[in-house]
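Have a look at the structure below before the remarks.
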Amino acid sequence: MPKCFLCQLKRSAISGACSQCLIDLPWNTSFCQQCALPLAANGVEFCGQCLSYPPLFSMARTAFCYQFPINRLIMNFKDKKNPALGKSLSRLLGRSLCHDLSLQRTPPELLIPVPSHQRSLDARGYNPAQVIATSLSKILSIPVRHDLIIKRQPSAQQKELTADERRVNLENAFVLTANGSQVIPKHYRVAIIDDVITTGATANSMTKTLLKGGIQEVIIWAIARTP
Ligand SMILES: [Zn+2]
Ligand SMILES: [Zn+2]
């Protein structure tokens with residue numbers, strides 16, 4: 001019997017977790033169709049922010065709301081050098097995406113993880129978004145490329161900034177590499193992969209760079225969305 005990665009008990013597990021644990025997770029089941037912001041289940045399709053100032057990406061999907069125990073698990077994945085935990089979370093994201101009608105109808109042709117700045121890469125030893133993208137690529141059989149876009153400036157202090165300051169800081173933070181300008185077919189729908197969507201500013205800035213490079217459509221997939 002496999003061990004559930006959440007309760008560590010030997011129980012029959014789907015995507016690495018037992019059915020008891022799966023039920024208790026904060027799945028993001030009712031959300032804004034464009035930015036994945038968790039919404040009350042009252043038939044509203046879009047959040048106020050997306051109605052007034054829609055982001056450049058056409059759609060975002062996350063498996064979870066950024067709540068306990070998912071927030072704790074993502075922190076352990078990112079800060080405790082535990083890439084295996086990231087793979088387990090990716091399996092649950094893959095499972096949730098497989099149930100999403102939009103993915104079945106119009107799947108992306110390419111996955112691109114949000115690039116890490118060299119400094120965080122050196123400190124952590126891996127880029128969390130890349131761990132997720134590589135796992136998803138295997139689960140969904142969609143190619144992944146991490147050499148097409150780079151981050152221009154360090155964003156280590158992002159956590160301490162306000163939403164407005166983040167937006168300004170992130171303007172033009174990403175740039176296509178020589179490969180990025182050449183190898184992505186223009187008709188492609190590209191999925192940007194991240195661990196958590198907070199304000200959506202990172203995803204939007206990266207989307208801007210990809211759209212400027214001629215990519216037709218950009219969507220965002222992440223493990224969790226903050227409320
Ligand atoms: Zn369990
Ligand atoms: Zn929204």
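Among the residues of the range 62-77, the ones that are under 22 Å from L39 (Cα atoms) and either buried (at least 22 other Cβ atoms within 10 Å of the Cβ) or of a type in the set (A, V, I, L, M, F, W, C) (or both) come to 7 in all. F68 fulfils the conditions (1) in a loop (DSSP other than H, G, I, E, B); (2) farther than 18 Å from C7 by Cα except for a single criterion, (2).
Pull up the range 170-202, narrow it to residues that are polar (S, T, N, Q) and under 19 Å from the mean Cα position of the chain (by Cα), then point me to the one that is farthest from N71 (Cα to Cα). Break it down into steps so the answer makes sense when it comes.
The first filter runs over the range 170-202 and keeps only residues polar (S, T, N, Q), leaving 172, 177, 179, 181-182, 198-199, 202.
Subset that is under 19 Å from the mean Cα position of the chain (by Cα): 198-199, 202.
Values: T198: 12, T199: 16, T202: 19 Å.
Only one residue fits best here, namely T202.
For the range 29-51, residues that are buried (at least 16 other Cβ atoms within 10 Å of the Cβ), free of Cβ contacts under 8 Å to residues at least 60 places away in the same chain and more than 6 Å from ligand 2 (Cβ to nearest atom) total 2.
Kindly check whether there is at least one residue in the range 151-167 that is within 20 Å of F64 (Cβ to Cβ), surrounded by 13 or more Cβ atoms within 10 Å (Cβ to Cβ) and touching a Ser or Thr at 6+ places or on another chain (Cβ under 7 Å). No; the residues of the range 151-167 include none that is within 20 Å of F64 (Cβ to Cβ), surrounded by 13 or more Cβ atoms within 10 Å (Cβ to Cβ) and touching a Ser or Thr at 6+ places or on another chain (Cβ under 7 Å).
For T62, the criteria (1) touching a Leu at 6+ places or on another chain (Cβ under 6 Å); (2) within 16 Å of ligand 2 (Cβ to nearest atom); (3) under 18 Å from R91 (Cβ atoms) hold in every case but one, which is (1).
Mind listing whichever residues of the range 70-105 are without any contact (Cβ under 8 Å) to a residue 12 or more places away in the chain and either within 24 Å of S30 (Cβ to Cβ) or touching a strand residue (DSSP E or B) at 6+ places or on another chain (Cβ under 8 Å) (or both)? Correct list: R72, H99, L101, Q104, R105.
V196 falls short on exactly one of the conditions (1) in a helix (DSSP H, G or I); (2) touching a residue at least 24 places away in the same chain (Cβ under 8 Å), and that condition is (1). It is to be established whether one or more residues within the range 14-26 are part of a loop (DSSP other than H, G, I, E, B) and surrounded by fewer than 16 Cβ atoms within 10 Å (Cβ to Cβ). For the range 14-26, residues part of a loop (DSSP other than H, G, I, E, B) and surrounded by fewer than 16 Cβ atoms within 10 Å (Cβ to Cβ): absent.
Given the criteria surrounded by fewer than 21 Cβ atoms within 10 Å (Cβ to Cβ) and within 16 Å of ligand 2 (Cβ to nearest atom), does Q118 qualify?
Criteria not met by Q118.
A short reminder: the numbers here are calculations on the coordinates, not readings from a lab. None of the values given here were measured: they were computed from a predicted structure. Because the Cβ atoms are built from the backbone with ideal geometry, glycine has one as well, and the counts that use them run over all protein chains shown.
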